[in-house]
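J.: Here it is, the structure in full.
The values are calculated or read from the model by the stated rules, or taken from the named source; none is laboratory data. Every value quoted in this text rests on a predicted model; they were computed, and no experiment measured them. Here the Cβ positions follow ideal geometry from the backbone for every residue, glycine too, while neighbour counts run over all protein chains shown.
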Amino acid sequence: MRTPEVVPVLDAPSDGVLILFAHPAIAKSRVNRVLASAVRGLPGVTFHDLYEAYPDFDIDVGREQALLAEHDIVVLQHPFYWYSTPALVKEWEDVVLQHGWAYGRDGTALRGKALLSAVTTGGREASYGPEGGNRYTVEQFLAPIEQTARLCGMEWRSPFVVHGTHGMTPQEAERHAERYRSTVEALRAERRA
């Protein structure tokens, strides 16, 4: 693993949306692939595929911190794996969000930026909640990511969730992709205003 390098906070104002995309089996994905296609190439959006960039999990901390510093909005897009993120996202958090850079008394690099989780679940929405088989809502399962954002001084946004991907038709996936694109465009426009 590379020796972590702390990147200084840039003095220039940040702008745009950084989508951190993490799907370990994108070739098998039906819905995340469609969602990604809807936002890839949008003006003011940087689409960064973590599994493509780091198939060996050897994360370039300096590069990742520079990307975060350059953007005002961060979207963490991934399938919901075992009520959490794919493994590379956890590794990314562990090595990139360093004390003294992302949090702590002198860790102000992310302060004021926005974070949105964009997740897909195989199960239907009814399965997430007190009466469902999973007992908790997706929002409750995302509490560690929300708390990470808050610790870093980021503004947590209500997550973008697509339920029921296992039984979804291509037309339904396209409708969710349009909604996702609109969400990302609205975030970008709001932060520029």
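J.: Are any residues in region 112-134 buried (at least 18 other Cβ atoms within 10 Å of the Cβ) and part of a loop (DSSP other than H, G, I, E, B), and if so, which ones? Write out each step before concluding.
T.: Here is the first cut: in region 112-134, the residues buried (at least 18 other Cβ atoms within 10 Å of the Cβ) are 113-121, 128.
Hits for region 112-134 are 113, 121, 128.
J.: Any chance region 94-104 includes a residue that's in contact with a strand residue (DSSP E or B) (Cβ under 8 Å, 6 or more places away or on another chain), of a type in the set (Val, Ile, Thr) and surrounded by 17 or more Cβ atoms within 10 Å (Cβ to Cβ)?
T.: No; the residues of region 94-104 include none that is in contact with a strand residue (DSSP E or B) (Cβ under 8 Å, 6 or more places away or on another chain), of a type in the set (Val, Ile, Thr) and surrounded by 17 or more Cβ atoms within 10 Å (Cβ to Cβ).
J.: Another question, then. For residue 101, are the conditions met, namely being aromatic (Phe, Trp, Tyr) and either at pLDDT below 95 or part of a loop (DSSP other than H, G, I, E, B) (or both)?
T.: Yes, satisfied.
J.: Using the structure shown, decide if residue 109 is closer than 21 Å to residue 64 by Cα, assigned to a loop (DSSP other than H, G, I, E, B) and aliphatic (A, V, I, L, M).
T.: Yes.
J.: Additional query: Looking only at region 135-193, which residues are more than 21 Å from residue 39 (Cβ to Cβ), basic (Lys, Arg) and not in a loop (DSSP other than H, G, I, E, B)?
T.: 150
J.: For residue 162, indicate whether it is under 30 Å from residue 108 (Cβ atoms), surrounded by 17 or more Cβ atoms within 10 Å (Cβ to Cβ) and in contact with a His (Cβ under 9 Å, 6 or more places away or on another chain).
T.: no
J.: Filter region 19-37 for residues that are without any contact (Cβ under 8 Å) to a residue 40 or more places away in the chain and hydrophobic (A, V, I, L, M, F, W, C); which is surrounded by the fewest Cβ atoms within 10 Å (Cβ to Cβ)?
T.: 27
J.: Go through the residues of region 38-52 one by one and say whether even a single one is of a type in the set (Asp, Glu), out of contact with any Cys (no Cβ under 7 Å at 6 or more places or on another chain) and surrounded by fewer than 15 Cβ atoms within 10 Å (Cβ to Cβ).
T.: So far as region 38-52 goes, yes, one or more of its residues are of a type in the set (Asp, Glu), out of contact with any Cys (no Cβ under 7 Å at 6 or more places or on another chain) and surrounded by fewer than 15 Cβ atoms within 10 Å (Cβ to Cβ).
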